[in-house]
Structures are given as structure tokens and as C-alpha cells.
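In what follows, a structure is listed as C-alpha cells, so that the remarks can point back to it.
The values are calculated or read from the model by the stated rules, or taken from the named source; none is laboratory data. Note that the coordinates shown come from a computational prediction; the quantities given were computed from them, not determined experimentally. For neighbour counting, all protein chains shown are included, and Cβ atoms are generated from backbone atoms with ideal geometry for every residue, glycine included. For the accessible areas, the whole protein counts, side chains as well, though only heavy atoms, and no ligand, DNA or RNA atoms are used. Shrake-Rupley method; radii C 1.70, N 1.55, O 1.52, S 1.80 Å.
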Amino acid sequence: MLSKIESSEKKIEYKSSIPKYIQTANDLADEILSGKIENGYRLPSINELSKTRSISRDTAEKAYKELRDRNLAFSVMGVGNFVSVNDEKHKNILFLINKPCSYKMEVYDSFVTAIGNNVLVDMHLYYNDEQLFIEVIKKNIHNYNYFVIMPHFRNSAESHVNYTPNVINFIEGIPKEKLVILDNSCKEITGDFIAVYQDFKSDIYNALKEGIKKFKKYKKIIFVHPEKAAFPAPASLVEGFLEFCGTYHFEYEIVAKITDGLDFKNKEAYITIEDNDLVNLMQQIKEKKLKIGKDVGVISYNETPLKALLNITVMSTDFKAMGQKAAELILNRKKEISKNPFCYIQRTSL
């Protein structure tokens, strides 16, 4: 079926830093991915595109090559260029993860499994860096049907923030039908979109409350919270911890990391977030021949197979469920904001 292609008549922005062939390809890609141009549709000839856009034949040819490189078109020799993807069964998804770790990869793996074989999912790491995050999406804004984002950033003081002002402004420019937010807060973003989030403050409070009988064995709770780091922990975890200790009258201390040469006091329980702090703590407990779960309590944040193997008590969101839920919402085309399940897993270390 033939229909008028609106983008073929759009004018080139000559003052733009974006090359003319990219502008042309981007306009066509927008209409292909939005469904305005149907799958199998024959695109205008090189001469037609050159004339309507006031560009050279060479620029028109490069624009079509760009579309083919994005797997949005294919060419038939002597016939022309045709749209090759605008099928509901075929989607391209950019999956942005803030840091490389086992539990983030569990979200990604469960998402890829649940979304199915007909969907291309490309993963990018942005390391909590706002500029890298923005550049990756800006470069690919016309190449993907969905942008799945785990928003975690650091400010100039190297502390954790859900979003920076620049990131919020940029995300607001992403079409909401393409936006999926995972893992962190989504209340900073306006409009209707998909989100599967954690509520760090209430989650840690409720998990600690569930383990309160075990905590009562100890005289003090020490929370190891790495506030300033390459991957700082959310400050709302501290808020939930302080609320728990205040409500139930526990003596507490907050430290940035597990240092060498700990002087273990009688009956202390440690809460760790980073794996390197957990390893250092366990090594020192072993060296001093203390009994974990009796002399010293240990609880770790975020479940991993190794923690389960070592019988470490954990409080953790269900990372597998997070990826599965996001895929389900995309496949069903439902714009829904859903809180992810969080649990306390009692083991022998507390």
C-alpha cells in the first residue's frame, strides 16, 4: 500500500551539526518506528528523495544506507528500498545499566529471556555518569523502540542521586511510549510510561523489622554505607535504617567502609552493601576466630548465589521478577508503574 511519506518533505536544518544524511535517515526512522510507514512499504526513489528534501543524490543514497545499517530497510537491485521492520513482533531495545554487577545482570538476563527471541536487546553501561548516559541515548534515539533505564547517578560531591537536573530534562524529551524505568525512583519523571521500581527507604525498614528478633541479640547495629564512591549507595537506605533504629531503640553507627584491624565489640551486627566490605568483614571475623551469627551478626544487601552458598542473611529486591515484569509490560503494551517485590531472607549469619 502506498501513502505519502511526511518526512520526505521535511526541510534540512543546514545550521545543525547533524549531517544531512543522518537528519534524513532520522526523519524516516521516526515514521518507520512509529508505524506511519508500514512494513514492506516501498520508499521514495533516490531522485524523489533528493528532490523533496533538496539534498544531493549522494546524500539520499547515504541516508538509505544508514536505514539499512539500522535494519530498518532493505534494497532490491533495480527496484528500490523497502521498509524491513515495523512489525509488532520485532522491536529494538536499548537497555542501560549503571554498573556491572551480578544482580544488575540478573535483571538484564531475566528481561532478555522474557521478552523473546524476536526482540533485539542491546546493553550499555554508563557507570553512573550523566554525560555518558545522555550521549548514549542521544546517539541512538532514533534506533530503538524502547529505552530501558536503571537510573542511578552521582553528583559533584560523589554522592548518590536518583537523577541529576540534566538527566531529568533529557529523559523528559524521550517519547513516553518508549520509556521504561527500572530499579530506582520514577516519581521525578512526568507522564505515562512503564516503571518497575524499588522504594529503598521503606524496603530496608520493613526488611529490618522482619528480622527484629535476630537483631535483639546484639547491642549495636553498624551500617556500612559507602556514600562517596564510583557507585555510591542511595541515601534513602540510610533514612530507612535510621527510622528503624529510632523506632525500635537500637544503638547504631554508620561507617563508610570496613577498615582493616576492626576492634570487634561484644555483640555487634553489621549491615553491608558492597561485596568488598562483606568479604573484608568475613575475613576479619575468621581471623579473630569469632562465630558468625553468635559473636558477630552479618546481614548483606542484595542477594547473590555466593551469599546463599555462604549462608549470609540478606535483604534484597527480586531482580528476576523485575526483568520479567518489565518485559511483560512491553509485550502487553501496558503503561504501568509497579513496585518490585522485596524480601528478607534469614540465614545463619545473623
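Can you name the condition, by its number, that Lys228 falls short on among (1) at pLDDT 95 or above; (2) open to solvent by 30 Å² or more (accessible area, probe 1.4 Å); (3) farther than 25 Å from Asn340 by Cβ?
In the conditions (1) at pLDDT 95 or above; (2) open to solvent by 30 Å² or more (accessible area, probe 1.4 Å); (3) farther than 25 Å from Asn340 by Cβ, Lys228 misses (1) alone.
Here is a list: Phe244, Phe264. Which entry is within 20 Å of Lys201 (Cβ to Cβ) and among the aromatic types (Phe, Trp, Tyr)?
Phe244
So in segment 138-152, with the set limited to residues that are modelled with pLDDT under 95 and open to solvent by less than 50 Å² (accessible area, probe 1.4 Å), which one is farthest from Asp69 (Cα to Cα)?
Tyr146
Can you name the residue in segment 87-120 that is within 29 Å of Glu61 (Cβ to Cβ) and surrounded by fewer than 19 Cβ atoms within 10 Å (Cβ to Cβ) and, of all such residues, is modelled with the lowest pLDDT?
Asp87
Hand me the list of helices (runs of 4 or more DSSP H) wholly inside segment 227-312 holding 3 or more residues that are among the hydroxyl-bearing types (Ser, Thr, Tyr).
235-248
When the residues of segment 155-197 are narrowed to those that are within 12 Å of the chain's Cα centre (by Cα) and of a type in the set (Gly, Ala, Ser), which ends up most open to solvent (accessible area, probe 1.4 Å)?
My answer is Ser185.
So Phe82 clears everything in (1) more than 30 Å from Glu274 (Cα to Cα); (2) touching a helix residue (DSSP H, G or I) at 6+ places or on another chain (Cβ under 6 Å) except one condition, right? Which one?
Failed condition: (2).
Do you know which residues across segment 316-345 are polar (S, T, N, Q), surrounded by 15 or more Cβ atoms within 10 Å (Cβ to Cβ) and not in a helix (DSSP H, G or I)?
Ser316, Thr317, Ser338, Asn340
Please verify whether segment 40-62 includes one or more residues that are surrounded by fewer than 15 Cβ atoms within 10 Å (Cβ to Cβ), farther than 26 Å from Ile168 by Cα and within 31 Å of the chain's Cα centre (by Cα).
no
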